[in-house]
Every structure is written in C-alpha cells, then in structure tokens.
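Quick notes on the structure that follows.
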Amino acid sequence: MQNSRQLDELLFLALEEDIGHGDITTNATVAPERWARANVIAKAEGIVCGLFVMQRIFFLLDPQIQCTFCLNEGDPISKGTILAKISGPAGSILSGERVALNFLQHLSGIATRTRAAVLQVQGTKTKIVDTRKTMPGLRWVEKYAVQIGGALNHRYNLADGVLIKDNHIAAAGGIAPAIAGVRRQVPHLMKIEIEVENMLQLTEALQGGAEVILLDNMSAAEMAEAVQVVAGRALTEASGNMGEKDLREIAATGVDFISIGALTHSVKALDISLRFVNEA
C-alpha cells in the first residue's frame with residue numbers, strides 16, 4: 001500500500017475530473033444546510049474492497065461527512081448487505097457519490113474475481129498472482145484489491161524485478177545473451193525470470209541459470225512436462241490467457257504460480273449503490 005499523500009493525489013484528481021467547476025444539479029436543488037444519512041448497499045454477492053478509499057474521498061470533499069463501516073475489507077457480501085453508513089451535508093454526499101462508488105465497485109470487482117480464482121486452486125501448492133495489466137494511475141490500488149482477494153502481487157513495475165520476455169530475447173539475440181546481459185547488470189540477490197514457449201527454450205533457460213521460468217501459452221500437458229523437466233531447479237509460472245482456463249487443471253500440472261492479467265485488466269465492477277434514508 002502506498003502512502004496517504006499518493007492516495008490523496010489520486011483521489012483529488014478523480015474528484016476534480018468528476019466535479020469540474022461545480023456540481024450544477026446539486027447546487028441548484030439542495031440547500032447548503034441540508035443534512036442527510038445514506039446507506040452504501042451491495043446489489044450483488046462478492047468480496048468488498050475499497051471501503052477506506054470511499055471514506056477518504058468523502059473526507060477530502062467535505063470533512064463533515066462521517067463514514068461508518070459495517071464490515072471489514074475482504075469480507076464476503078450478498079445482495080442487500082449494508083457496507084457502510086454515511087452522514088453529513090447532503091450536497092457533499094451527492095457530489096462525492098459517483099467517485100466513491102466508482103472506486104468501491106471497481107476494487108470490489110477485482111477482489112471478487114481474484115477470490116474466485118484463488119478458490120479454484122485451493123488445496124494445491126499453486127499460487128495466483130496478478131500482472132502489470134492495470135489501468136494507468138490505478139496500479140497500486142488494483143494490486144491492493146488483488147491482495148484483499150487472497151492472491152499475490154507479481155512485480156509492481158519494470159524496476160521491481162527481472163522478466164525477460166520474447167521481445168527481449170529477440171532484441172538480445174537469444175536466450176543465452178539475454179540472461180548473460182542481465183547477470184552483468186542486476187544484483188546477485190535478484191532472481192531472473194524468463195519467458196519460454198517450448199521445451200528447447202526451456203532447456204536453454206535452465207542452462208543459463210534462470211531462477212523462474214514463465215511457461216507462455218502452453219497446453220496443460222506441455223506445462224506438466226515442463227515442470228518435470230525443471231524438476232525443482234527453478235520456480236514455474238503459467239501464463240497466457242489464464243483467465244479463460246480451467247485453473248484447477250493448470251494447478252494440477254505442478255506449476256508454482258498462475259499469473260492472470262484478467263484479474264485487473266477486464267474485471268467486472270461489483271454492483272453497489274448509495275441510497276439516502278430518512279434525513280436527520
């Protein structure tokens with residue numbers, strides 16, 4: 001999780017984007033002195049995530065708004081569950097509603113999708129991890145939602161770890177020179193991961209001393225064979241449209257990790273609404 005300053009910068013941008021020079025409709029229809037209470041309600045089952053983000057959005061917009069959580073981050077929810085209770089100036093609540101719900105719905109959708117993937121491989125040694133396929137500017141909150149869903153984070157950015165992919169191999173002139181180039185540049189404590197597409201590349205990667213092997217777009221049978229060839233000399237990661245695959249079958253091959261870009265890049269938002277109750 002990033003620090004509060006970085007969170008506030010992100011949320012200020014989101015509020016500025018949505019409110020612009022002012023909420024014309026609310027300013028014209030709601031008296032400044034009007035106070036209200038509201039419930040944040042789930043309209044579908046899933047995993048809640050982003051309550052603290054919603055709370056911070058309302059606080060930044062108007063410190064008079066009070067946000068009380070009715071459950072904890074990562075809790076399972078069903079249709080009709082009240083997630084939080086909001087009270088404060090009615091106009092401020094209305095002006096912040098859309099931004100608050102956008103974050104809460106999106107992050108809860110990621111946590112929900114992630115939890116489903118984690119449950120598919122439960123009882124195996126395989127761990128679910130995310131990717132860098134995130135929305136620009138939202139990576140750290142999206143990766144936070146993945147954690148809340150029960151999965152692990154892959155590298156955060158390009159400076160966070162070594163992953164030699166097909167285009168790196170092509171540009172370097174092959175697997176051996178690509179690994180050798182990395183060895184000359186990175187600290188000895190940093191693992192080298194390399195993407196392979198077939199058994200020949202796998203053999204080259206192992207000979208080069210790669211510590212993590214990414215098995216890209218292989219069938220389950222090919223992955224099982226690759227795991228046998230690796231024989232514990234490196235960690236193995238299954239990748240390539242894993243969001244569309246039978247994750248239990250993939251885990252049965254013995255891979256250590258399954259990386260799924262769909263956890264963040266095409267997730268469905270969880271349906272959540274904010275409804276005013278009798279005004280105070």
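The values are calculated or read from the model by the stated rules, or taken from the named source; none is laboratory data. From a predicted model like this one, the values you see are computed outputs, not experimental measurements. With ideal geometry, Cβ positions are generated from the backbone for all residues, glycine too; neighbour counts draw on all protein chains shown. These accessible areas exclude ligands, DNA and RNA; they are computed on the full protein's heavy atoms, side chains included. Shrake-Rupley method; radii C 1.70, N 1.55, O 1.52, S 1.80 Å.
For segment 31-39, check the following and say yes or no: at least one residue is outside any helix (DSSP H, G or I), within 22 Å of Thr112 (Cα to Cα) and not charged (D, E, K, R). Looking through segment 31-39, at least one residue is outside any helix (DSSP H, G or I), within 22 Å of Thr112 (Cα to Cα) and not charged (D, E, K, R). Selection over segment 45-97 of residues that are open to solvent by less than 50 Å² (accessible area, probe 1.4 Å), in contact (Cβ under 8 Å) with a residue 40 or more places away in the chain and not in a loop (DSSP other than H, G, I, E, B) gives a count of 20. When restricted to residues that are charged (D, E, K, R), within 29 Å of the chain's Cα centre (by Cα), within 22 Å of Ala252 (Cα to Cα) and open to solvent by 40 Å² or more (accessible area, probe 1.4 Å), segment 171-226 contains 3.
Answer yes or no as to whether Gly137 is of a type in the set (Gly, Ala, Ser), part of a loop (DSSP other than H, G, I, E, B) and at pLDDT 95 or above. No; evaluated as a whole, the condition is false for this residue. Only residues that are small (Gly, Ala, Ser), open to solvent by 10 Å² or more (accessible area, probe 1.4 Å) and assigned to a strand (DSSP E or B) were counted in segment 248-273, giving 1. Taking the residues in segment 140-156 that are touching a helix residue (DSSP H, G or I) at 6+ places or on another chain (Cβ under 6 Å) and in a loop (DSSP other than H, G, I, E, B) as candidates, determine which candidate is surrounded by the fewest Cβ atoms within 10 Å (Cβ to Cβ). Per the stated criteria, the residue is Asn153. In a residue-by-residue description of segment 157-167, the property of being open to solvent by 70 Å² or more (accessible area, probe 1.4 Å), among the hydrophobic types (A, V, I, L, M, F, W, C), touching a strand residue (DSSP E or B) at 6+ places or on another chain (Cβ under 8 Å) and under 19 Å from Thr264 (Cα atoms) applies to no position.
Residues that are assigned to a helix (DSSP H, G or I) and open to solvent by less than 10 Å² (accessible area, probe 1.4 Å) do occur in segment 113-130, at least one of them. Among the residues in segment 247-258, are any without any contact (Cβ under 8 Å) to a residue 40 or more places away in the chain, out of contact with any Cys (no Cβ under 7 Å at 6 or more places or on another chain), polar (S, T, N, Q) and at positive phi? Checked against the condition, which is being without any contact (Cβ under 8 Å) to a residue 40 or more places away in the chain, out of contact with any Cys (no Cβ under 7 Å at 6 or more places or on another chain), polar (S, T, N, Q) and at positive phi, segment 247-258 yields no hits at all.
Of the residues in segment 100-109, not one is open to solvent by 10 Å² or more (accessible area, probe 1.4 Å) and more than 16 Å from the chain's Cα centre (by Cα).
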